[in-house]
Structures are given as C-alpha cells and as structure tokens.
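Student: I'd like to ask some things about the structure below.
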Amino acid sequence: MSEITYLEAGRDALAEEMRRDATVWAVGEDLGRGGVFGQYQGLVEEFGPERIVDTPISEAAIMGAAIGAALAGTRPVVEMRFSDFALCAQDELVNQAAKARYMFGGQARVPMVVRQPMGLWRSSAAQHSQSLENWWVHIPGLVVVAPATPADNKGLLKAAIRCDDPVVYLEHKDLWRASGEVPDDGEPVSIGAARLAREGTDVTVVAWSRMVGVAEQAAALLAADGVAAEVIDLRSLWPWDRDAVFASVRKTGRLLVVQESVKVGGFGAEVAATIGEEAADALKAPIRRLGAPRVPIPYSRPLEDLCRVSPEAIAAAVADMVRG
Amino acid sequence: MTAPRDNMDPERLRGLYRVMLRIRAFEEAAEAAQKDGHVPGGIHQSIGQEAIAAGVCANLERSDLLTSNHRGHGHTLAKGADPTAMMRELFGKAGGTCQGKGGSMHIADFDIGMLGANGVVAAGILIAVGAAHALKLRGEARVVACFFGDGAVNRGPFLEGLNWAAAHRLAVLFVCEDNGFAATTRTAALTAGPGIMARAESLGVAARGVDGNDVVAVDDVTGALMAELRAGSGPRLLHARTYRLAGHTTADAGGYRSAEEVAARAKDEPIGRCRAALLGLGVAAADLDTIEGAATREMTDAVADSVAAPWPAPELAFTDVQDIGAPLWGAP
C-alpha cells in the first residue's frame, strides 16, 4: 500500500495502462503541460506528445476524434476538463459513441474513457460545478463511474481504460487532494460492485463520489447518538450494484440516498424507485433523498454552501427516519 | 459531356460506369421496395450524384477507411459492400449489414473499412479525423475518405474537424458533395462568405473543385489528391458540384424547386454523360446495355432475397448495447 492522492492515483492509473498497452493514449486541452488540475503531470515526458495529445479548444472534435480513433483500433482517454464542457460534445457522446456498437450490429466497439471532472469546488459557479451523472446513466451504451477514494480512482480508471465500451468517468474536483491508501498491485477494480464504506444496522445511506465522505462524516455524528448508519459507496452508477443496496436495506429497513447533484430527476430517484418497487416490504420508514436544490450553482460562498448536502443535514434526516 | 483524357483507359471508365449503374439500380430498387411496403424507414437517395462516390472510391484501397453521411448508399457500394446485405438492412431483416439494427442511415461495413453512414449532418467529419489520427499514431499508411454534403459546412464539426486534421497533418480526404440543397433549403441562401473551398483553404486545407457529374474528372482529381495524401501532404478537400435529382428523402415531393429546373439538370446527370463518353471511345452500345442489365438484375435479386429473408431474432434488440451493465432480455 502507498499513501497517495486521488489526483496521483488517476495519473498513475493512466501511466500504468499506457505502459501496458501501446494503443492507449490521452487527448485533450493542455495535457502537455499537465492538464488543468495537474492530473497529467509528467506524462508527456514519459510518453511523448504523440500519446499525450494537446488539442485545440474543440470539445466536439476531441470527443468525435476519439470515437473515430476507437473505431480504428486504439483506446483513447478523453479529457473534458470540466464535466460542464462535455455538453459541447453531446452529439458525439450520445448519438455516436454510445450507439455505434448497437446500430452497426455489433461490428464495432468504442473503447474510450471520457474523463469529466465534476462537482462543487471553490466557487466555480454555474458553468464549472455541475454533477450530471444522471444524464449519462440515461443513455444506453454508456458505462458511468464515479470514484470516491484514491484507491478507487486508480483501480476504476484502469478498469475503465480496459473496458471495451465508452465509459463516462466522473472524478470529483474537490477530491483531487484527498489522500488515502492505494494498493501497489496495479489491479483494476471491477466496475459494478459497490463498496461498503461503513457498516451499520439502523439505516442504509447510499452515496457516490464526494458524497461518500460526507456520509461517513454524518455516520460518525450519528454514532455519537447511538445510531449505526451503513454507508454504501456505489462507485459506478451504470451499472449500479442493486444486490448490495438490497442486502443492506433488508438488514437496516431504512434507505437514504445522498447525491450532490440536483435532487429533482436525479440518480437517487432511480435507487429510491427501485427499492420502492422491489423491496418495499423491507422498509420500516419511508425512503428519503437528499440533493441540491433545483438552482444553478451560485458563486458566493454562503450561497454555494446552501447547495451542498452537509453531514449535519444527513444526520438530521437519518435521525428523523430512525425516530419514525 | 464528359471529356475523357487522351490516355483514358476504356476499361477503367467502364468500371466506373458499372459502379454508377449499380448505385442507381440499388436506390431505384430500394424506392420501389419501399413503395411495396418493404422498407419501413426513410431513405435518402443519391440519384444524380453517383459519379462522386464512384470516382472517389476508385482511388481507395480496400484497407483505406471511409465515413459517410445520411445519403450513403453510393459510397458504401462503391467501397465494396455487398448490396444484398445492404438491401436486407434497409428491410430491417436478418443478414443485414448491421443485423437490421441500423437501417439506411447507419449502414456500416467494417470489413471493407466503411466506418458508418451517419444520421447527423457533419458528424462523420470528426470520426474520420479521429480514425486518421489513430492511423498516424499506429504508423499506418492508410488514408481516410470523408463524405459530407454542402449543408455540413455550416455545422461546427466542419471547422473543428478540418482545423484538427490540418494541425495534426492527418491523411484525410474531405469530399464535399455539393448538391445545392441543405435538406430542402438552397444552401447558397444561408451560407455566408466566398464558398466551401475558401473555408477549407482558410483552415490550411488545400482544396480542389470538380464537376461532380463528370466521373472522369472526379477520378482524375481524386487520384491527384490521393497521391498528395499518401505522400504525407496532410488533409485535402475535394469540392464536387452536383445536383440531387431525387428528393431529400423518398417522401420529399420537392415543392421547393420547379420540374423545369430538375428536368434541365437531369440532362447533365453523370451516367448518361459517362455512357456518351464510352461510346465516343468506341465501346459498343450493346456492351453498355449488358452492364446496365446486370446491375438492374443484381439489385432486383437483392430485393427478392430481402423479401424472403427472415426477421432478426428478437433477442437482438437486447444485444450489443454494452458488456458491463448490459440490459437483460425482456427487462425494462
């Protein structure tokens, strides 16, 4: 095990996969100087500008060219800089990448990873803060991954690069500097298996990405009051680990889904509805969801904070559920 | 009148004539089958534009790559696809090029380097550029031909794709088939500036214009551009002027242009011009009639085969979505 940051874990994963497979390459804006957050630092020195490819600010072309390159037998790792900017390349991602394999009758694969740094971070305001994971989950053909820890950012990025289908890979900008133990074995983490972040018996808190850590903080607050919250880190949203959530809810009888994104129409609704349809008999209390209000993300810090789900808000919701 | 070069090989011209006739026969047979209720989705015919597909693809190797647009039957046939599998695809039947899951606008045949028609105008430009980028990364000498229409030059991928190809010096031949119409609107009415070639040149992509109804000229100019591309010139653009004699789709009655205009332009259509040139080279009319009869029969047979072909197995609706997180058969 080594103690490294979430950012370093992503960089190491890409470097290891590029050493392992000559068809893997990275393409995006400013990669040669390390990427906008430094997550590509040092890679051009090792792999050269042919495989760490700088691009014009042409998101549609970055995405579209990656599709063509994937169809022609390579494995591009696309950097979108901010998840919000991927919206400039939606025809390419949704109409082309996600559908090529199916509409060509299985003749083609599109093995590409689309890295989309997402989420609330340092007053980045309305066009640099969004979490749009539910958009991609809605599109057949896409795999959607949202790592919460350094270990997962290494193992899941490696798995995403080895995946033969397009993967939307959502790193959280507020986690870049988070550090943690990462295995040295270089093994990928299987996409689709949730991680039990904290064991508990009174309530199941389902979260992903940045919200896993917030839920763990809430669980610590609740433990002081004698409430044992179980925290499940979904890790991937398509596919999502239904079995893990079902098993936990059958144990605790309560479900709270926590997302950073806008609550309305969010992925939490999918989790809640699935449990409601298929495991309502196990519930001792109504399912709850927490998420952002349906507003663009404001710039001012106190206003931005109003859009954040806090450990206290999670603890309060759980306390309500447990009290009945 | 198509003017053959002094050294024009009658055999090569006869081959181009045959390809054009096969494209025409395929699309006429598809339209008839659609009228008979066999083709459920829309089709975009390239009737009148066949010389561009034939002339460009005559300069491609089987291993070269191709991207196409919604009007792509001709490009696909000219690259070497099997018309029976293509017709089955239009019918949505088993054994179609895409197992009946794509239809006319998504025909692809990766065995012959055909990376897909496309239902979104200009989308193939970026895919072609990326395919060429991959070839460069892998050190392969193959080239990519990228067909799109005049409507595509007003979409962003034209700018982004040509810039990218020029900046990275990629081996892409951009082929703009300028039939004068963006769907059912005259492109000139809504396209600013000095024209498509000037736009390409402004992005550092050298462009050549050609009479796209003159198959000899298309073949010649493409041959010259391909020689440059294969020598490492970086991207090139071919601007081929033509006229779409059929509607935008087979459902388009063409009320935006007069019958007189279409009739006048029909006199200039490429197959008749090629036939006249072949006769001028001393090829016997009976010989040309034989080629035409064979093309018609081939496509009539493709229709008969497709009528008799079975539907795809229902499970296919659920296959080839994705490996991880694949849908379960019958599950929502």
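Student: Calculate, axis by axis, the spread of Cα positions in chain B along the three principal axes, and write the results as whole Å, longest axis first.
Tutor: 61, 50, 40
Student: Further, regarding this structure: Tell me, B:D178, A:D185, B:D305, A:D12 in order of fewest to most beta-carbon neighbours within 10 Å?
Tutor: On the way: B:D178 24, A:D185 7, B:D305 17, A:D12 20.
Exposure proxy ranking, most exposed first: A:D185, B:D305, A:D12, B:D178.
Student: In nm, to one decimal, how far is the modelled label at B:T185 from the one at B:A253, with both set 7 Å along Cα→Cβ?
Tutor: Here the answer is 2.2 nm between the modelled labels.
Student: Let me ask something else about it. Can you list which of the DSSP-assigned H helices in chain B have a Cα extent of 27 Å or more along the long axis and an average Kyte-Doolittle score of at least -1.0?
Tutor: Helix filter hits for chain B: B:10-35, B:285-308.
Student: Determine, for A:D320, B:D36, B:D82, A:D152, the number of other Cβ atoms within 10 Å of each Cβ, and report the residues in order from fewest to most.
Tutor: With the sparsest Cβ surroundings first, the list reads B:D36, A:D320, B:D82, A:D152.
Student: Still on this structure, please answer the following. To the nearest 10 degrees, how steeply does helix A:150-162 sit against the main Cα axis of chain A, on a 0 to 90 scale?
Tutor: 50 degrees
Student: Cα axis of helix A:242-252 to longest principal axis of chain A: angle in degrees, 0 to 90, nearest 10?
Tutor: 20 degrees
Student: Summing Lys, Arg as +1 and Asp, Glu as -1, what charge do residues with Cβ under 11 Å from the Cβ of B:A171 carry, B:A171 excluded?
Tutor: Working: positive: B:K136, B:R142, B:R169, B:R230, B:R236; negative: B:D64, B:E140, B:E228.
Result for the neighbourhood of B:A171: +2.
Student: On alpha-carbon atoms, Rg over Rh for chain A using Kirkwood Rh?
Tutor: Expressed as Rg/Rh, it is 0.97.
Student: Could you give the length gained on full extension between B:R138 and B:A276, defined as 0.36 nm per residue of separation minus the Cα-Cα distance, in nm?
Tutor: Gain in length upon complete extension: 45.2 nm.
Student: Looking at the protein assembly as shown, send over the antiparallel percent of its DSSP beta bridges, to the nearest 5.
Tutor: Percent antiparallel among DSSP bridges in the protein assembly as shown is about 20.
Student: Separate question: Pick from B:G255, B:G234, B:G130 the residue whose mean-square fluctuation is largest in a GNM of chain B, springs joining Cα atoms under 10 Å.
Tutor: The residue that fluctuates most here is B:G255.
Student: Can you sort A:C163, A:C88 by how many other beta carbons sit within 10 Å, fewest first? Before the final figure, lay out the partial values.
Tutor: Values: A:C163 22, A:C88 18.
Placing the least packed residue first, the sequence is A:C88, A:C163.
Student: Once R0 is set to 30 Å, what does the formula 1/(1 + (r/R0)^6) return for the Cβ-Cβ distance between A:D54 and A:M1, expressed as a FRET efficiency to the nearest 0.05?
Tutor: 0.30
Student: Another one. Considering every residue in B:312-325, what mean count of other chain Cβ atoms within 10 Å of its Cβ is obtained?
Tutor: Values: counts 1, 0, 0, 0, 3, 1, 1, 4, 12, 9, 16, 7, 14, 14.
Whole-number average of other-chain Cβ neighbours for B:312-325 is 6.
Student: Based on the Cβ-Cβ distance of B:A94 and A:V36, what FRET efficiency does E = 1/(1 + (r/R0)^6) give at R0 = 35 Å, to the nearest 0.05?
Tutor: 0.10
Student: To continue, here is another question. On the first, second and third principal axes, largest extent first, how far apart are the outermost C-alpha atoms of segment A:195-323 in Å?
Tutor: 43, 34, 24
Student: Report the local net charge at B:T250: Lys and Arg +1, Asp and Glu -1, summed over other residues whose C-beta lies under 11 Å from its C-beta.
Tutor: Around B:T250, the charge tally is -3.
Student: Still on this structure: Between the DSSP loop rule and a limit of at most 15 other Cβ atoms within 10 Å, which trypsin sites (Lys or Arg not before Pro) in segment A:153-236 are left?
Tutor: Answer in residue order: A:R177.
Student: Continuing with this model, one more query. Against the empirical 2.2 N^0.38 Å scaling, what ratio does the C-alpha Rg of the protein assembly as shown come to?
Tutor: Rounded to two decimals, the normalised Rg is 1.08.
Each reported figure results from applying straightforward, stated rules to the coordinates on display, with no laboratory input. The shown structure was predicted, so the numbers you read here are calculated from the model rather than taken from an experiment. Glycine also receives a Cβ, built like all others from the backbone with ideal geometry; neighbour counts cover every protein chain displayed.
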